[in-house]
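Inspection log for the structure reproduced underneath, given as structure tokens.
The values are calculated or read from the model by the stated rules, or taken from the named source; none is laboratory data. Note that the coordinates shown come from a computational prediction; the quantities given were computed from them, not determined experimentally. Neighbour counts are summed over all protein chains in view; Cβ atoms, including those assigned to glycine, are modelled from backbone coordinates with ideal geometry. For accessibility, only protein heavy atoms count, side chains too; no ligands or nucleic acids. Shrake-Rupley method; radii C 1.70, N 1.55, O 1.52, S 1.80 Å.
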Amino acid sequence: MNVGPGIRRRRRALELTLADVARRAGVSVPFLSQVENGRSRPSMNSLQRIADALDTTAVELLAAAETPRPVDVVRAATPPTTEGGVRPLVRGQQRLHALEFTGDHDWDRAYRHAGDEILYVADGSAEVEADGTRYILERGDTLYCAAELPHRWRPLEPGTRVLLVGVAAP
């Protein structure tokens, strides 16, 4: 899956130059150009910064990378979309978003979404902070986070796999 065309469409719709978005996102113009042209895959952290610069979310940019399908199968062998090990489990612009995260996750950034969200720890353990309270989630645990509540999370051990499912705002 190539997120570049969706980034380019969003940038052009906002009438921004590569330099404008690169400056806002704190990335280089050549890197952003390579991402837009499919020659480089951004880390999840870089993708989120680009999304912020475009007044959208990384999930929306990932969803825009593919057209919606009424039925779609995502095989376990489907490679991650980002360097950080993020793999979409639902493709296209759907009302439901689902991502699988493996590897590190940016603890320094709190997220806030217009739609509700569930985090499910498939393997390992994770620390989650939601609305100012910290939780330790073990394999099989789920945390629900209502729309607009600030939240962040990070894996606590190698091999942690977190499934994030969100509902797009109406």
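Tabulated data for the structure shown
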{"item": "Tally of residues being at pLDDT 90 or above, out of contact with any His (no Cβ under 7 Å at 6 or more places or on another chain) and among the small types (G, A, S) across the range 100-139", "result": "5"}
{"item": "Residue match in the range 109-126 (condition: closer than 30 Å to E36 by Cβ, open to solvent by 40 Å² or more (accessible area, probe 1.4 Å) and of a type in the set (A, V, I, L, M))", "result": "yes"}
{"item": "In the range 31-62, the residues that are within 26 Å of R95 (Cβ to Cβ) and hydroxyl-bearing (S, T, Y)", "result": "T56, T57"}
{"item": "Neighbours by Cβ (under 7 Å, 6+ apart or cross-chain): first from the range 34-60, of a type in the set (S, T, Y); second open to solvent by less than 10 Å² (accessible area, probe 1.4 Å)", "result": "S43/T82; T57/A51"}
{"item": "Test: residue in the range 93-114 that is outside any loop (DSSP other than H, G, I, E, B) and small (G, A, S)", "result": "yes"}
{"item": "Residue ID - farthest from the chain's Cα centre (by Cα), chosen from residues in the range 37-50 that are within 15 Å of R9 (Cβ to Cβ) and surrounded by fewer than 22 Cβ atoms within 10 Å (Cβ to Cβ)", "result": "N37"}
{"item": "Candidates E60, E66, filtered to the one that is acidic (D, E) and outside any loop (DSSP other than H, G, I, E, B)", "result": "E60"}
{"item": "T81 vs. criteria in contact (Cβ under 8 Å) with a residue 24 or more places away in the chain, in a loop (DSSP other than H, G, I, E, B) and open to solvent by 20 Å² or more (accessible area, probe 1.4 Å)", "result": "no"}
{"item": "Complete set of residues in the range 1-36 that are touching a Ser or Thr at 6+ places or on another chain (Cβ under 8 Å), more than 27 Å from L164 (Cα to Cα) and open to solvent by 60 Å² or more (accessible area, probe 1.4 Å)", "result": "Q34"}
{"item": "Residues being more than 11 Å from N2 (Cα to Cα), of a type in the set (G, A, S) and modelled with pLDDT under 80 - total across the range 59-89", "result": "2"}
{"item": "Selection status of R95, closer than 30 Å to A22 by Cα and more than 14 Å from the chain's Cα centre (by Cα)", "result": "yes"}
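Here's the yes/no breakdown for (1) touching a helix residue (DSSP H, G or I) at 6+ places or on another chain (Cβ under 8 Å); (2) free of Cβ contacts under 8 Å to residues at least 40 places away in the same chain:
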site	(1), (2)
A76	no, yes
R95	no, no
F101	yes, no
Y120	no, no
G132	no, yes
R139	no, yes
